[in-house]
1. Cβ-Cβ below 8 Å, separation at least six or inter-chain, first residue in the range 264-291 and closer than 17 Å to ASN303 by Cα and assigned by TED's automatic domain parsing to the domain that holds GLY316, second charged (D, E, K, R) and in a loop (DSSP other than H, G, I, E, B): which pairs?
2. Against the conditions (1) surrounded by fewer than 20 Cβ atoms within 10 Å (Cβ to Cβ); (2) of a type outside the set (Val, Ile, Thr); (3) more than 30 Å from GLY114 (Cα to Cα), where does PRO198 fall short? Just the number, please.
3. Among THR152, THR169, which is the only one that is modelled with pLDDT under 95, within 25 Å of THR244 (Cα to Cα) and assigned by TED's automatic domain parsing to the domain that holds GLU230?
4. Taking LYS211 as meeting all but one of (1) at pLDDT 95 or above; (2) basic (Lys, Arg); (3) more than 22 Å from ILE147 (Cβ to Cβ), write down the number of the exception.
5. Please give the number of the condition VAL383 fails out of (1) surrounded by 18 or more Cβ atoms within 10 Å (Cβ to Cβ); (2) farther than 28 Å from VAL275 by Cα.
6. Only one of (1) of a type outside the set (Asp, Glu); (2) touching a residue at least 40 places away in the same chain (Cβ under 8 Å); (3) touching a His at 6+ places or on another chain (Cβ under 9 Å) fails for ILE482. Which number is that?
7. What strands (runs of 3 or more DSSP E), lying completely within the range 464-554, carry at least 1 residues that are surrounded by 16 or more Cβ atoms within 10 Å (Cβ to Cβ) and at pLDDT 90 or above?
8. Return the residue satisfying two criteria in turn: it lies in the range 338-370 and is closer than 23 Å to SER261 by Cα and out of contact with any strand residue (DSSP E or B) (no Cβ under 6 Å at 6 or more places or on another chain), and of such residues it is surrounded by the fewest Cβ atoms within 10 Å (Cβ to Cβ).
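The values are calculated or read from the model by the stated rules, or taken from the named source; none is laboratory data. A quick note: this is a predicted structure, and the numbers were derived from the prediction, not measured. Neighbour counts run over all protein chains shown; Cβ positions are idealised from the backbone, glycine included.
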Amino acid sequence: MAVRDIASLLVGVLLLFLTGGVRAGVEVNMEDRVEVMRGQTAEINCIFMPSDDVGDVMIQWLYTDSASVTHTLYYQDSAMGIVEKDTPFSDRISVNVTGATGTALLTITDVKLGDEQEFICQIRSKDGTGQGRTLLKVFETPELPTIEGYQTGIWVNNHELSKIGACETKNGYPKPNITWYRDKMPLHNFPDEVDSKPVVVVESSRLFSVKSELSMRVMRADKDALFYCEVSYYVPGGMRMTETRRIQVNVQYPSTAITMSVESPQGLIKEGDTVELQCLGNGNPQPAFTLKHGVTETILDSNVAVLNNVTRLNNGVYHCTTLDMDTYEEISGNTTLFANYLDDAVVDPQDPVVSQGEELTATCNALSSLKTHTVWFKDGEEVSKGHTLRLKDAMFDTAGTYVCMVTVPQIEGLETSGSLRVFVQGPPEITEPLTRDIEESKDTTINLSCHARGFPTPHITWSASDGQDLKMVTEEITEDSIHSTVSIKVTSDMNAFCNASNNEGVASVAYSIKAIRHTTTLATTTSTTTTSTTTSSPLSTTTVIAESAIPPKRIKKEKNGVIIAVVIICILLLAILGAVLYFLYKKGKICGRSGKQDLTKEKSTNDNIVVEMKSDNTEEAVLLGINGDRKPAGEQ
C-alpha cells in the first residue's frame, strides 16, 4: 500500500511539474461520466482548443485502474499515433482526431465490467498542457426476480417471527436492491416485527445476485394480504424497477363463530332432493364439526353434510358445533331445512256410473305444502282446469278415462296425478257400418262386423234370414263396448241381423246381401222390321246368357254405367250408318238403283232394306229398316 501511495505521489508531482511550470495554453473539455451497457460500444470524447496549429499538438489517452495507478493507452504526435500494448484495452480501442474541431474521440468496443475506470485525455502544445477526465460506468440488467412463498401454515399466536417467503434476482450490475411489500405498502425492518436480510453474491462474471428472505409476525388480518417484492436497478440514464407476482400467506387461527347454510339445491327444496348442508367456521383451517338434528348427532368428515332423498321427516333445525381451541368452549351455528311435499292425488268418486243426460261432478285433491294447480285431461287433450270436474248432459262420448294433473308452480318437477273412469249408463248404440248393402258372388264366405257401445256392456247376437247358423270369428269386449265379427256363406239373396242388448234396451242393424252369379255374355241378335210408315226403330231385344268358366267375381255397380254408355254410343253410330245407306239408296248407288226418285211415288213395302248389325261389346244387335221415302222426323 505504501509503494502504491508513493507511486501516485510521484505521478502527481510529475503532472504538476509538467502543467504548473509552463503557461497553460490548452483548454480541454470532457463529460464527467459516460454510461454504457455491458457488451456495447463506449465513446469518450475529448474537446480541446489549442492556441497554435493542431499539427504541433501531442495527444495522450490514459486510464486509472482500481488501484488508482495511471496507465497510458494511446499516444499521438504530429508524426504518428501509437496504441499501447499489453493493456486490457489494446485490441478494443481506437482514437479519431479531428483537427478542424479539435476533438479526439476514444472508442472502446465490447465493453466489459472491468472497463469501469476513469479515462484521462491529455493535450500538450508549445503553449502548455491541458487534460480532462471521464468516468466510464458499465451496467447489466438483472434477470427477472422470482418469489417463493412458504406453504406451511403460520399461527397468529407464534411468539417468534415467521418466515413469509424469499425473493431473488440474479446477474445484475451494479448491485440491485430488493424491497418487500404487503398490499402495496413497503415493509421496513423493525425489531420483533419485520426482518428482511438481503444476501449478496458476486458471481464469477463479477455480476451481482441478491436474495432476500422476509420474516415477520403475522396477524389475523394477514390472511388476505398479498406479498411481493420489488427489484430496483440502475441502467444508463436512470433507475428501473420490476415486481414479482403476488403470494398469500397461509395464516392459521382458531374459529370463534360458525355459520351454517344449505349449499344445494338453490331455492326451494322438495321431497326426493339431495341436500348439502355446509358448516363454515371463521378460522383457518376449518375445525372438526358435529352435525346435530333433534337427538341425532353425526361427526362430519368435512365441513359438508349430504342428505340423500330427503322427506318431510328431515325437516327441522340443524346445528353445526365445534370447540374453540382458545377457550375450549363449544361454538355452533344452525340452519332450518324444509322439504316441500305433494301427496298423491285423490279422486272422488271412484269409477262413477252416470245415466245418459245426467250431470257428474268429480274432484281431484292432493295435500301439498304449497299452492297447487290442477288440470284435467282426456285422451291427451285438456278438458278442464281446477280441482272440480263437471260433466253435463252425459252421453256415450262422455264416457272414458279422465286424468287430473296436480302441479306446484313454484317448484319444477313436483307433480302428481290421478284418474277417473266414467261410465255412461244407457241402451246399446250400434256404430253405423260402412255399408249395409253388400253384393257378393254366390258360394263366397264373407265376414260381417258389428260394434256396439253402452253400459252395462251390451251382448251381441247374430241371425240370418235363410236360417243358417253364423260362425263367430272374433269378439272383443271392453267395459262399455263390444265388437263382434261373424262368418257367412253367401248361398242366395239374404239378410243378416246384428242384435245388441243390455239391461237398458236393445239395438239392431240389418245387412242386405245379394248373391251374384258371375257369367259370360254371348253375342245377341236383334231383328227389327219396319213398316212403310217407319224409317228405323228398335222393336224387341232377346238376350241369352251362358255361364262362363271364369271364376265368379262380385259385380260392381260401376260396370253397369260403362255398359249403358257403350250401348248409347253404338246406337248413335248405327243411326248415322243408316242415314248414309238411305242417302246412297236414294241416289241409286246401291241395289241397282240409279237416278232420282219421285218423291211423290208411293213406296212399296217390298223395297224395305233390312240391315243386321252385331256388337261384341254390347252383346246386342239392332236391325234398322230404311225405305225409299223420307218421313218427317216425328213419324220415324
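1. Between residues of the range 264-291 that are closer than 17 Å to ASN303 by Cα and assigned by TED's automatic domain parsing to the domain that holds GLY316 and residues that are charged (D, E, K, R) and in a loop (DSSP other than H, G, I, E, B), the close pairs are PRO265/ASP273.
2. Every listed condition holds for PRO198 apart from (3).
3. After ruling out the rest, the residue left standing is THR152.
4. Single failed check for LYS211: (3).
5. All conditions pass for VAL383, except number (1).
6. Unmet condition: (2).
7. It comes to 481-489, 494-502, 505-516.
8. PHE338
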